[in-house]
Amino acid sequence: MRVESIRSIFISTVALSVFAGVACGKKSEAPTALGQGEGEVSIVAWPGYIERGETDKGYDWVTGFEKETGCKVTVKTAATSDEMVALMNGGGFDLVTASGDASLRLIAGNKVQEINTALVPSWSSIDERLQNAPWHTVEGKHYGVPYQWGPNVLMYNTKVFKQAPDSWAVVFEEQTFPDGKTNKGRVQAFDGPIYIADAALYLKVKNPELGITDPYELDEKQYNAVLELLKKQRQLVPKYWHDAMVHIEDFKKEGLAASSAWPFQVNLLAGDKQPVASVFPKEGATGWADTTMLHKDSKHVNCAYKWMEHSISPKVQGDLASWFGSVPSVPAACKGNPLLTDSGCDTNGFSNFSKISFWRTPVENCSNGRKCVPYKKWAEDYIAIIGSK
């Protein structure tokens, strides 16, 4: 068994240096007007987020943008939020599609600049639940444009589970699956410290005496209980996933029965006629609300703003939601898109917004004056768990 612990340690170490040392430099001020496009824009994005029809000709929201604006799009995919923070910390990119466990680190680290929403004409079309979301809004200033959101679902093999499992217990607790075989060696977990929140969410329901109210705000006692669960899970997990495409191949070839996943993997596997489905478990789910953020040193600000406006057009939003299995940040995209269909938003979880514990970076000073375990400790401990056996 091989775990990519060296890679994880490198990414987490770089990411932590961004979050631990909040930059004291002056924040970049938002532009007041835009000019001619610079001819290019570079984007750090999750896999499947920026498509130009190379995988499926029906999904292309890049080619038309390039023809209309003259801004050539280049994309660097990142498998985890920590990797996104590390890439933005290194510089050389204009935009990033950051989840909530990266966005506040980027703002605190002075790596992204404030967005002038007046220069994004379609801003008012964004879901009101996202316009002032705390993962991109600080002191009334917006540091990005909402892109897509969705839950981390429980993906399962339909040949193993004739009836859908209803609990995350299938990946956290050793047990015999309906096919009569153990789950040991047949489940996977996400290769990222933020996955600690998934375990916390499960224990919030299973062990209510712990008093967990927020999976990102764990005191020492709660945190230690969560770590114990993850250490036990380590004995069940042969491999941790961070690359969505590798995760897909693992489900095809490695005899896996259940795993946390993005709807993206579920859609591609189902489209490939694999015996796979997903469920939103009774304990709820963590999730991601992703924001397109602009690097403070971007050399292509005009093209970047053109892309941010393009990214929230109903057509792009609907096509992407269909492709990734996510929910549009623009509700108008939920109707009239032949790829998504008028039922697509409901299928992808539009009504589950209040049931999702969206990713965000844990901090030491949490609500009600409590002291909680910060992200640095999460990263150190999760790396140690993955590297053990």
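Condition check ((1) farther than 18 Å from Ile196 by Cα; (2) in contact (Cβ under 8 Å) with a residue 60 or more places away in the chain; (3) open to solvent by less than 10 Å² (accessible area, probe 1.4 Å); (4) of a type in the set (Gly, Ala, Ser)) across all residues:
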site: Glu217; (1), (2), (3), (4): no, yes, no, no
site: Glu220; (1), (2), (3), (4): no, yes, no, no
site: Tyr223; (1), (2), (3), (4): no, yes, yes, no
site: Gln235; (1), (2), (3), (4): no, yes, no, no
site: His242; (1), (2), (3), (4): no, yes, no, no
site: Leu256; (1), (2), (3), (4): yes, yes, yes, no
site: Ser260; (1), (2), (3), (4): no, yes, yes, yes
site: Thr292; (1), (2), (3), (4): yes, yes, yes, no
site: Asp297; (1), (2), (3), (4): yes, yes, no, no
Practice item. Take the residues in the stretch 299-351 that are over 18 Å from Ala270 (Cα atoms) and aromatic (Phe, Trp, Tyr), then tell me which one is surrounded by the fewest Cβ atoms within 10 Å (Cβ to Cβ). Key: Phe350
Practice item. Would you mention how many residues in the stretch 273-315 are under 14 Å from Tyr147 (Cβ atoms) and not in a loop (DSSP other than H, G, I, E, B)? Key: 15
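When the stretch 92-111 is examined, which residues are found to be assigned to a loop (DSSP other than H, G, I, E, B) and under 21 Å from His142 (Cα atoms)? Walk me through it before giving the result.
The initial filter retains those residues of the stretch 92-111 that are assigned to a loop (DSSP other than H, G, I, E, B), namely 92-94, 99, 109-111.
Hits for the stretch 92-111 are Phe93, Asp94, Ser99, Gly109, Asn110, Lys111.
Within the stretch 112-136, take every residue that is free of Cβ contacts under 8 Å to residues at least 12 places away in the same chain and out of contact with any Gly (no Cβ under 9 Å at 6 or more places or on another chain) and give me the one that is nearest to Val316 (Cα to Cα).
Of the residues in the stretch 112-136, the ones free of Cβ contacts under 8 Å to residues at least 12 places away in the same chain are 118, 124, 128, 132.
In the following step, the residues that additionally are out of contact with any Gly (no Cβ under 9 Å at 6 or more places or on another chain) were identified as 118, 124, 128.
Working: Ala118: 20, Ser124: 16, Glu128: 19 Å.
Among residues in the stretch 112-136 that are free of Cβ contacts under 8 Å to residues at least 12 places away in the same chain and out of contact with any Gly (no Cβ under 9 Å at 6 or more places or on another chain), the one nearest to Val316 (Cα to Cα) is Ser124.
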Point to revise | Hits in the stretch 150-196 (condition: assigned to a loop (DSSP other than H, G, I, E, B), in contact with a Lys or Arg (Cβ under 8 Å, 6 or more places away or on another chain) and open to solvent by less than 10 Å² (accessible area, probe 1.4 Å)) | key: Phe177
Check your understanding: Considering only the stretch 43-83, how many residues are among the hydroxyl-bearing types (Ser, Thr, Tyr) and open to solvent by less than 20 Å² (accessible area, probe 1.4 Å)?
Key -> 3
Exercise for review: Scan the stretch 129-143 for residues that are hydrophobic (A, V, I, L, M, F, W, C) and in contact with a strand residue (DSSP E or B) (Cβ under 9 Å, 6 or more places away or on another chain) and jot them down.
Suggested key: Leu130, Ala133, Trp135
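The values are calculated or read from the model by the stated rules, or taken from the named source; none is laboratory data. Note that the structure is a prediction, hence the values are computed from the model and not measured. Counting neighbours? That spans all protein chains shown, and the Cβs are built from the backbone with ideal geometry, glycine included. Just so you know, the surface numbers come from the protein's heavy atoms only, side chains and all, with ligands and any DNA or RNA stripped out. Shrake-Rupley method; radii C 1.70, N 1.55, O 1.52, S 1.80 Å.
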